[in-house]
Every structure is written in C-alpha cells, then in structure tokens.
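Take a look at the structure below.
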Amino acid sequence: MHTIVDWEPNTSQWSQVLAAAHGCVVSDRISDNALWPIYGPLIPKSGHQAVVIGQLGQSLDGRIATPSGHSHYINGAAALVHLHRLRALVDAVVVGVGTVVADNPQLTIRRASLAPGKTQPARVIIDPHGRIPPGARCLTDDGARRIVIGAKAPAGTERMDLPPEGDPAGILKALAERGLPRVLVEGGANTLSRFLAAGCLDRLHIMTGPIIIGSGPTGVTLPAIDTLDKALRPDVSTYALPGGDILFDCAFSKRSGS
Ligand SMILES: NC(=O)c1ccc[n+]([C@@H]2O[C@H](COP(=O)([O-])OP(=O)(O)OC[C@H]3O[C@@H](n4cnc5c(N)ncnc54)[C@H](OP(=O)(O)O)[C@@H]3O)[C@@H](O)[C@H]2O)c1
C-alpha cells in the first residue's frame, strides 16, 4: 500500500505529470515523483497511442448510490481531485446518458490544473434514444468539443453513430478517428460495465470510500460466470488517499481491438 501525501490539487509533482502527458521530455527525476506510479501508465508512449481508463467511486460494500440515487459523496475531496486529474490526462470523457439524467455533471476540470494551452477534454455522451435533458450542463458551449453518440444530437454538438449493439471497441475506434485516442470512461455503472465486459479498458481505477451503504446499485455488473477461474484478475496496485479513500489501480494486460 502506498500513501500519497501530495494530494493538493496543483503541485509541482502534478505539473511534472502534466508536462510529460503533453509531450515534454520526461526527466530522470520523474521516478522520484510520488504521483508517477498512478498517472505515468496513463500517458501514451506516442501521441497517437490509444489509452482507455475506466473509473468508479464506490462504498466498501461496492455500492455507488442509495436506492433513491443519492451519491454525494461516497468519496472524499482527494478522490475528487484524482477524478479531475484523470480528466486532465485524456482527450475525451465518456459517460452514459443515465449519468447525465441522474447527476447533470459538468464533466470539466475544476479541481486540478490543465496543461498550459490545453483546452478541456471533449465530453462524449452515449445516448441511443435521445434522452439527454434540455440544458444538460455537460453540453454547455465553453469551447470544448461535445459529442453525442446516438440518433440525434442537440444543436451545436457533434453527432456520432452508435456502432451495432453499442460495441465499445467501435466507439473507441470512432473517437480515435476523430482525434480523441485517450479516453476516460467515467460512468455510470452500465456504461463502465459494457467497456469492461468488452475488454476495452487498459486500466480501471476503483476508488473505495470508507462508508458502508448496505443497499442500492452496485458498480460493476458483468455476464455471469460459473467458476472463479473465469473472473478478471488484473494486476492491482493500491494507494491510500487522505480522508480514507483507497484507490485500486487495476491494470489489464491485453485489450481487445487494440
Ligand atoms: N460512482 C461513480 O464513479 C459514478 C460515476 C458516474 C455515474 N455514477 C452514477 O451512476 C448512475 C447512472 O448509471 P447508470 O448505469 O444508470 O447509467 P449510465 O451508465 O450513465 O448510462 C447508461 C445508458 O447509457 C446508454 N449507453 C451507455 N453505453 C452504451 C452502449 N455501449 N450501447 C448502447 N447504449 C449505451 C444506454 O442508454 P439507453 O438506456 O437510453 O439505451 C444506457 O442505458 C447515477 O446514479 C450516477 O450517480 C457513479
């Protein structure tokens, strides 16, 4: 277990990670950076390499909300900083329309700095049936690309076709073709589970908060298996954050379609 003490939103360590992520030379001293083991693997070796990370915040008993949908906040302030840092390292943040309906998230970076000159990542909503509510905050025109995957897209946004059967690999391929190869699948549970089941995640960050909810939706649901030899067994590193959250950084060695 690693304890990460440098968890202020913007520090020299975070600036060093950002510089590496945006093409600057990585100095030998990066190995001294306590954030590097977490964020270094998310930085592609070349500009065009695809990197796909999923994230999930959950309780000790694996819940992401109460039965009535109340979810603020399962994780603490440091975990929110971490989420915003993940957004800062990718080209696109993907959510399912269920999250937009439930939480009306902005999906912008506000708790961490962006690399100089870098715009907010594209916001991508998978919405096969046109359920995005009017005025959804993630569609605010702030200069970031806003992409809706589905039959129709609100004015001012880009529209992408949903691949047959909502194939996550097809979604990632289409995003890469639009210049968005680094992707954060931010949620919710249904969307994240589809990408995980399809073998499309390079990494999954599960942030477990020190809280037991006892009922309500769980985070990951995959097709049923009979025996544990068929369970996913990623390489896992753990990090303790201030406030009691534990980050499980799950690395998947092979990704389908890559
Ligand atoms: N704890 C966390 O880290 C976290 C993060 C984000 C959200 N959340 C929570 O998650 C909950 C929402 O999650 P959710 O599972 O209900 O919804 P969701 O995953 O946000 O959205 C699911 C919907 O998106 C569409 N969709 C997504 N991927 C698709 C694909 N590959 N192909 C076809 N359709 C696709 C479908 O829309 P249609 O139903 O219209 O077909 C699907 O029902 C909220 O309570 C939110 O608070 C938690």
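The values are calculated or read from the model by the stated rules, or taken from the named source; none is laboratory data. A quick note: this is a predicted structure, and the numbers were derived from the prediction, not measured. Ideal geometry is used to build each Cβ from the backbone, glycine not excepted, and the neighbour counts take in all protein chains shown. The area values use the complete protein model at the heavy-atom level, side chains included, leaving out ligands, DNA and RNA. Shrake-Rupley method; radii C 1.70, N 1.55, O 1.52, S 1.80 Å.
Out of residues 5 or more away from Arg146 or on other chains, whose amide H comes under 5 Å of its own, with H placed 1.01 Å from N in the peptide plane?
Long-range HN contacts for Arg146: Arg123, Glu158.
Taking the chain as a Gaussian network, Cα atoms linked when under 10 Å apart, which of Gly170, Gly216, Gly135 shows the biggest mean-square fluctuation?
Gly135
I want the antiparallel fraction of DSSP beta bridges within the chain, as a percent rounded to 5. Kindly include the intermediate steps, with their values, before the conclusion.
Working: 13 of 41 bridges.
Looking only at bridges with both residues in the chain, the antiparallel portion is about 30 percent.
Defining a contact as two alpha carbons under 8 Å apart and six or more residues distant in sequence, what relative contact order in percent does the chain show? The partial results should precede the final answer.
Details: 492 pairs, mean separation 71.1, N = 258.
Over the chain, the number comes to 28 percent.
Which three lengths, in whole Å and largest first, does the stretch 58-149 cover when its Cα atoms are put on their principal axes?
Here the spans come out as 40, 34, 17 Å, largest first.
Rounded to whole Hz and in sequence order, give me ³J(HN,Hα) for the stretch 178-188 from the Karplus expression 6.51 cos²θ - 1.76 cosθ + 1.60, θ = phi - 60°, writing x for Gly and Pro.
8, x, 10, x, 9, 10, 9, 8, 8, x, x
Label-point separation (nm) for Leu232 and Ser253, each offset 7 Å from Cα along Cα-to-Cβ?
Calculated label separation equals 1.6 nm.
For Lys152, Lys118, write out the residues from largest to smallest accessible area, computed with a 1.4 angstrom probe and no ligands counted. The partial results should precede the final answer.
Numbers: Lys152 125, Lys118 65 Å².
Output order, biggest surface exposure first: Lys152, Lys118.
In square angstrom, rounded to the nearest 10, how much accessible surface does His72 have for a 1.4 Å probe?
Looks like 110 Å² after rounding.
I need the per residue convex hull volume for the chain, using only the alpha carbons, in cubic angstrom as a whole number. Intermediate values should be presented prior to the final figure.
Values: hull volume 34.7 nm³, N = 258.
Hull volume normalised by residue count: 135 Å³.
Taking a probe of 1.4 Å, how large is the accessible area per residue of the chain, in Å²? If you can, show how the numbers build up before the last one.
Working: 12550 Å² over 258 residues.
I get 49 Å² per residue for this part.
Please tell me the relative contact order of the stretch 32-115 in percent, rounded to the nearest whole number, where contacts are Cα pairs under 8 Å and at least six residues apart. Spell out each step's value before the answer.
Details: 44 pairs, mean separation 19.7, N = 84.
Value for the stretch 32-115: 23 percent.
Which residue fluctuates most in the GNM of the chain (Cα springs below 10 Å): Gly40, Gly188, Gly69?
Looking only at Gly40, Gly188, Gly69, the largest GNM fluctuation is found for Gly69.
On a full-extension model of 0.36 nm per residue, what is the gain between His22 and His129, subtracting their alpha-carbon distance, rounded to one decimal in nm?
34.9 nm
Given a 1.4 angstrom probe, I'd like the percentage of the accessible area of the chain that is carbon and sulfur, rounded to a whole number. Mind showing how you got there, number by number?
Working: 6770 of 12550 Å².
Of the solvent-accessible surface of the chain, carbon and sulfur hold 54 percent.
Extension gain Asp141-Lys118, at 0.36 nm per residue separation less the Cα-Cα distance, in nm?
Numbers: separation 23, 0.36 × 23 = 8.28 nm, distance 1.64 nm.
Value of the extension gain: 6.6 nm.
What is the stretch 175-258's relative contact order, in percent, from Cα pairs under 8 angstrom and six or more apart in sequence? Please list the in-between numbers first.
Values: 91 pairs, mean separation 30.3, N = 84.
It rounds to 36 percent for the stretch 175-258.
Report the extension gain between Gln49 and Ala102 in nm, rounded to one decimal, defined as 0.36 nm multiplied by the number of residues separating them, less their alpha carbon distance. All intermediate terms of the calculation are to be shown ahead of the outcome.
Numbers: separation 53, 0.36 × 53 = 19.08 nm, distance 3.27 nm.
Value of the extension gain: 15.8 nm.
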